[in-house]
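Below: the structure, in structure tokens.
What follows is calculated from the coordinates using simple rules that are stated; it is not laboratory data. It should be emphasised that the depicted structure is a prediction, and the values quoted were computed from it without experimental measurement. Heads up, the Cβs are rebuilt from the backbone with ideal geometry, glycines too, and the neighbour counts pull from every protein chain shown.
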Amino acid sequence: MSVVLQQSRAPAMAGDPVLVVRDLAKSFGGVRAVDGVSFSVEAGTMLALIGPNGAGKTTCFNMLNGQLRPDKGEVLLGGRPITGMKPRAVWRMGVGRTFQITATFTSMTVRENVQMALISHAGEIWSPFGRARDRHKAAADALLAQVGMVEQAERACGVLAYGDLKRVELAVALANQPKLLLMDEPTAGMAPRERIELMALTAEIAAAKGIAVLFTEHDMDVVFTHSDSVIVLDRGLLIAHGTAEEVRRDPNVRAVYLGSGATSGGH
Amino acid sequence: MMLEITALDAYYGRAHILQGLSFSMSRGEVLALMGRNGAGKSTTMKAIMGLVPPAGGTVSFEDQRVDGREPFEIARMGIGYVPEDRRVFSELSVMENLSVAQRPPRADVPHWTPERLFALFPNLGRMRDRPGGAMSGGEQQMLTIARTLMGNPKLVLLDEPSEGLAPVIVEEMARTILALKGEGLSVLISEQNLHFAGNVADRAAIIEKGMIRFTGTMDELKANEAVRSQYLSV
Amino acid sequence: MIDLILTQTLNGLASASSLFLVASGLSIIFGVTRIVNFAHGSLYMLGAYLAWTLVSYLGPADTFGFWGGVLLAALLVGLAGVLIEVLILRRIYQAPELFQLLATFGVVLMLQDLALATWGPEDKLGPRAPGFKSFVILFDNRFPTYELFLIAVGPLVLGLLWFLFQKTRWGTLVRAATQDREMVGALGVNQRLLFTSVFAFGSMLAGLGGALQLPREAVNLHMDLAMISEAFVVVVVGGLGSVTGAYLAAVLIGILHAFGILIFPKITLVLVFLVMAVVLVVKPYGLMGRAPVGHARGHGPAEPLLLPADRLTKLAGLLALALLALTPIFAPDYLLSTLTELIIFALFAASLHFMMGPGGMASFGHAAYFGLGAYGAALAVKWLGAPMEPALVFAPFLAGIAGVVFGWFCVRLSGVYLAMLTLAFAQIAWATAFQWVELTGGDNGILGVWPSAWASSKTAYFYLTLGVCAVSIVALRLTIFSPLGYGLRAARDNPLRAEAIGLDVMRIQWVAFIVAAFAAGIAGALFAFSKGSVFPTYMAIPRSVDALLMVLLGGVQTVSGPIIGAFAYAGLSEQLMKATMYWRFGLGLSIVLLVILFPRGLVGGSLLLVERWCRRPEAAATARLAAEGGR
């Protein structure tokens, strides 16, 4: 059944807006964390969400993935509303995500981590018998091959190098054939070369499968190399939206966020 | 020597994290401890602070052994520690956060009071009664540094001070570290960001698999393509 | 009518004060040391006994004698707290949460026998308080002035605590340490002194609570466990770590009791349960509590990889089973009875392990389901006249249904909150069996629960037990490796990630809770027929702790551990019980020593030794990442 479901979901064409966010808002105790933000992400493209600490990026992200319920506004995925849905419902609608601090199941092998997601996607979680590690083995390996982790399939997630762990997370996030991928600071804590490699891989997969990617990031090298467009939040407001080059030149963005570039590689 | 580490060994649970690590720092110096994720930078700082008990080797601070002492004793001797994940007391106000770390003045280092700190971090002065939990990441980072300074340290350990911060805040952080150096403090930072380290540090020590693989001035590091590529993945 | 309501309200407020003193002490200690002090009820009891002795000695009629005795008793209990902290707790702050809890339970057992040896088994009646011997007439009712005094004590202590925590440096340090004790140490604060002072202070509050009860009720040996389970309820309802919450909850519970006894004396506990349920549904972390954040918990090492048994282990298991199956050929009847019980305990332990190991939910009241299984069987026999076979089938469902209801609440919490709540539920089950005399026979239990004729010989019943337990244990094992079991582990390893791949964490944990309750019910039913009778003690706290000890002794991480642990522990405790009258003290001391000497448990400890010998690079990498902040 799952196979049919997966095949019926035809890859979206580049240019279609996969995610549409309209007038999203959230306040905490009177403070407007996110204040009327609207944007959209198209299939096969990468949108970077940047801004100072406390600008509302995390709040915005959590309203998209279901961890927070917006006070106001609308989130549409492929034209269907997902506003205020719980994380697992959002996932079922076709949203995959990676976490800022890598989140894997440490008592399982790399392959089992992916199998877990596939079992959930196939709706087999309530089966109390039959060995889980024998299910969806081939599909798991295919996903791991995509991110270059198939050789390490038998290893425990707890012992992987950090960059490899990020790849596993990516494979897990791809298990439900997502239309949209949400990545919260995907390269935090990585060495410069690893950052570029991971984002290049992500961009390649996104383009090939027509997945829309929204990511937050503090590394400007990553943002300016791997985003098709960039949005900038400051104090809950969307202050800039454009290509990397346009945003980089925006004096407002330079003042509140980018600074002189002396400590981040000179932009 | 401000800090001298010789053949330091440390385990975390069952794993041998530091494997005979040695380096030293002189007074008034800013040293950047660089290396990949998992190389042992944080553990080095925790081992100096006594938070991870060293299994072998020595740590001397101003020619006094500190290894084997309790963290609070080490802090009282004059080492301040700023952890990578900030760890402000989220339910305590800014003033209360500062008061926890308050120690009596110490000879030949600046004596910090809340007022002096607010001059250095004007943002904090405007939110004295705000709970730590209600501050942004950048403000919290500044508060943890201010809090550590309340102990009037001679040496400050800053674990990944630029991680997860917006570029403008990172610039402010760099100015802060240089200001501390200007006050005569010694600063040990752990860092992956070469641009940042290049701006603030006098020397770099590169750590890989629990051992120091390179030490030299920042200029020497910048000139050494091989070392940067091998250990820093730049 | 209105005067009755007012009088009962005052009664409730008066009884709330002692409850508040104990619960706030418990809460403060937990905040800083992260130890749930099971022995807090024992310190309360100690306060009452010491006050009784001191007041009698100093002069019960004399104002100075009485109040001096009460305050001195509180101070002495504070001193006892210092001793406990310095001698025991200080050595185990690094040990896993559950081992710490077990150590404090060891202290409970030791103090119980110490009190028995010192003060004897009879209840001790205290004098009335000088200056508060009279009554006042309120709403046409005589109301003791001492009750009014107690009503004032609650808010007074609350105000004092507020001042202490908000306005003194010690209070600021305590609040800081409650959030991140390691950081407080790294900032130059002497943690050791802080911990000892906090433990002494909390103990003193408990001691004062006990001493103030002297004029109100007879001092007895059951005060400790009765108080601790109430204090747990108060702390869970009020919110762990919130002193104000503890006061509100104590008042709420006190008033509920006062009215409950008046209106529905039989179901007072059910009333408390219902209120607790409502509070937890609306506010999962209690009235004033907050979700634990960030460093409050500290991140433990990653869970080890769980692999299915290899051929050798399977063979060993089969061999053990075959050996067991052959024992009736040579073993005498008494040995067969003991073995039958051991096998039942193995299933009981395995059922707890199912929710504790893969599920990550530690239960401190697992005996409830064991006991309900036993009572289910006994009630079916007694009231429905059922023979053994249908009774055995019916019984686990009673336990399972309790699992459905209790589990629904428990899975909303985690960690120590969950453990406390399970304990509170077990106390309710126990109290129901104890109080509902018409149905359960109360303390006398239900007798004459015998197997059917075909299974009445020791040998036949042994085979029946072996068969049912082996099948149940294998079924639990299979489930652990099934998709459901994997989902359960996923929920434990990383609930956030689990939700993000579409798993309903709460529902998976709920199902696991029910399965564990059902399996414990099977064990309980078999136990009832092997003993021929059931008693409320089957559901009491010590039995729950038995199960925990079995699991922890064998090791939480291994699937076969609990079975080995059950055999080791049940054997040991039986020997101890035969050897001395003060077996509680012996058992308590063994538990404490075990935790101090092997803070990682027997199996964990030996594993560590083995790994130090042949260090694996894999383990090094895991810990390296963990050490570097999990990045």
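A few notes on this one:
- Proximal lysine pairs, chain C, alpha carbons under 28 Å, eight or more residues apart or interchain: 9
- Along region A:98-109 the Karplus relation, 6.51 cos²θ - 1.76 cosθ + 1.60 evaluated at θ = phi - 60°, assigns HN-Hα couplings of 10, 9, 4, 9, 3, 10, 10, 8, 6, 8, 10, 6 Hz to successive residues, with x for each Gly and Pro.
- Region C:332-542, relative contact order in percent, only Cα pairs under 8 angstrom and at least six apart counted: 44
- Seen from every direction in turn and averaged, the convex hull around the alpha carbons of chain C projects onto 30.3 nm².
- Mean Cα-pair separation over length for region C:2-289, i.e. relative contact order, pairs under 8 Å, 6 or more apart, %: 39
- Summed over qualifying helices (DSSP H, 4 residues or more, each -39500 (n - 2.57)) and divided by its residue number, chain B shows a 222 nm mean residue ellipticity of -10000 deg cm²/dmol.
- Calculated mean residue ellipticity, 222 nm, chain C: -24500 deg cm²/dmol, from DSSP H runs (n ≥ 4) at -39500 (n - 2.57) each, averaged per residue and rounded to 500.
- For residues of A:215-226, the mean tally of beta carbons on other chains within 10 Å: 1
- FRET efficiency estimate (nearest 0.05) - Cβ-Cβ, B:Ala226 to C:Leu323, R0 45 angstrom: 0.10
- Burial ranking of peptide ranges B:192-204, B:139-151, C:453-465 (average Cβ count within 10 Å, highest at the top): B:139-151, B:192-204, C:453-465
- Charging the Cβ of each Asp and Glu at -1 and of each Lys and Arg at +1, and nothing else, the dipole of chain C about its Cα centre rounds to 1280 debye.
- Distance in nm between pseudo-label sites at C:Leu262 and A:Arg193 (7 Å out along the Cβ direction from Cα): 7.9
- Relative to the longest principal axis of the Cα atoms of chain A, the long axis of helix A:137-146 makes an angle of roughly 30 degrees.
- Based on Cα atoms of the protein assembly as shown, Rg over Rh with Rh as the Kirkwood radius reads 0.98.
- Whichever lysines have a C-alpha closer than 18 Å to that of B:Lys181, once near sequence neighbours (fewer than 8 apart) are set aside: B:Lys154
- By the equivalent-ellipsoid construction on the alpha carbon gyration tensor, region C:48-142 comes out with semi-axes of 35, 16, 14 Å, ordered largest to smallest.
- Candidate membrane-span-like segments in chain B, meaning DSSP H helices with Cα atoms spread over at least 15 Å of their own axis and a Kyte-Doolittle mean of -1.0 or above, are B:137-149, B:167-182, with no membrane implied.
- Between C:Thr537 and C:Arg311, the contour length at 0.36 nm per residue exceeds the Cα-Cα span by 77.3 nm.
- Region A:33-86 and region C:462-486: distance between their alpha carbon centers, rounded to Å: 46
- Between 0 and 90°, nearest 10: helix A:192-209 axis offset from chain A longest Cα axis: 70
- Amide proton proximity set for A:Val18, modelled H, under 5 Å, gap of 5+: A:Val41, A:Glu42, A:Ala43
- Each residue, B:Glu115 and A:Ser38, gets one label point 7 Å from its Cα in the Cβ direction; the gap between the two is 5.2 nm.
- From phi via Karplus (6.51, -1.76, 1.60), per-residue ³J(HN,Hα) for region B:22-36 in Hz, x at Gly/Pro: 9, 6, 9, 9, 9, 4, x, 9, 10, 10, 9, 8, 10, x, 6
- Computed from the C-beta positions of B:Leu178 and C:Leu478 and an R0 of 56 Å, the FRET efficiency is 0.35 to the nearest 0.05.
- Our helix-only sum for chain A, with -39,500 (n - 2.57) per DSSP H run of n ≥ 4 divided by its residues, gives a mean residue ellipticity at 222 nm of -9500 deg cm²/dmol.
- Rounded to whole Å, sorted largest first: equivalent-ellipsoid semi-axes of region C:332-542, Cα gyration tensor: 31, 20, 13
- Förster-model FRET efficiency, 41 Å R0, C:Ala460 and A:Trp126, C-beta, rounded to 0.05: 0.65
- Helix A:110-121 and the longest principal axis of the Cα set of chain A meet at an angle near 90°.
- Average projection, convex hull of the Cα set of region C:447-488: 4.2 square nanometres.
- Put simply, the amide H of A:Ala191, placed in the peptide plane, has neighbours under 5 Å in B:Asn37, leaving out anything fewer than 5 places away on its chain.
- Cross-link partners for B:Lys41 among the aspartates and glutamates, with Cα-Cα distance under 15 Å and sequence neighbours closer than 8 places in the same chain left out: B:Asp9, B:Glu84, B:Asp85, B:Asp159, B:Glu160, B:Glu163, B:Glu191, B:Glu208, C:Glu628.
- Under 17 Å of direct C-alpha separation, and excluding same-chain neighbours fewer than eight residues apart, A:Lys57 reaches these lysines: A:Lys26, A:Lys72.
- Relative to one another, the C-alpha centroids of region C:1-71 and region C:368-427 are positioned 33 Å apart.
- Principal semi-axes of the equivalent ellipsoid, √(5λ) from the alpha carbon gyration tensor of region C:2-289, are 30, 23, 18 Å from largest down.
- Percentage, to the nearest whole number, of Cα pairs in region C:360-463 over 23 Å apart: 36
- Near B:Ala166, the amide H atoms lying under 5 Å from its own belong to A:Asn53; only residues 5 or more places off or on other chains count, and H is placed 1.01 Å from N.
- Chain A: most fluctuating residue of A:Glu42, A:Glu154, A:Glu194 per GNM, C-alpha cutoff 10 Å: A:Glu154
- Phi-derived couplings, Karplus 6.51 cos²θ - 1.76 cosθ + 1.60 at θ = phi - 60°, listed residue by residue for region A:44-55: x, 10, 10, 10, 9, 10, 10, x, x, 4, x, 7 Hz, with x used for Gly and Pro.
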